[in-house]
Amino acid sequence: MRRWTALQKESVEELVARFTAIALKQHEAVLYRQTTKYNRLYDQVVAVKDELKSRNDDERRALTSLYTYPNAMVRLQAARANLALGYTEARNVIQSIVDSDDQPLAFHAGMTLSNLDRGFYKPT
């Protein structure tokens, strides 16, 4: 079965759980500087985000439940996924990661804000 077909069959709750698990693995990849692994996992995060976005009511909002998750990568990825839907709230989550100085995630969050401010990253 193709991966995208499997995602189509999952409930919103299952997709949020999958998103969380992938982001936790990404955090580990960042800590151990496993760039190839991180990039592969990034593609998986995008696939889950895109599946949520494709649902009737754009179910990416379900990821806002992760804004208070203990892990900064989970919060960061959830906020990035929701910038197009709730920009101010998502940006505040990203800014809180920058302010926490929880490295290296604060750096990643800061780059996200910089790319937003410079117009390199346009949320969709």
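Taken together, the values in this text are just the output of simple stated rules run on the coordinates, not laboratory data. All figures in this text were calculated on a predicted structure; none of them were measured in a lab. Neighbour counts are summed over all protein chains in view; Cβ atoms, including those assigned to glycine, are modelled from backbone coordinates with ideal geometry.
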Highest to lowest packing among 13-25, 87-99, scored as the average C-beta count within 10 Å:
13-25, 87-99
Alpha carbon Rg of segment 19-107, scaled by the compact-globule rule 2.2 N^0.38 Å
1.04
For the pair ARG40 and ASN115, the simple spin-label estimate (label points 7 Å beyond Cα toward Cβ) gives in nm 2.1
Just grab the label-to-label distance for ASN56 and GLN103, each label 7 Å out from Cα along the Cβ direction, in nm (one decimal).
4.9
Please list, or write none, the aspartates and glutamates whose alpha carbon is within less than 19 Å of the alpha carbon of LYS53, excluding same-chain residues fewer than 8 places away.
GLU10, GLU13, GLU14, ASP43, GLU89
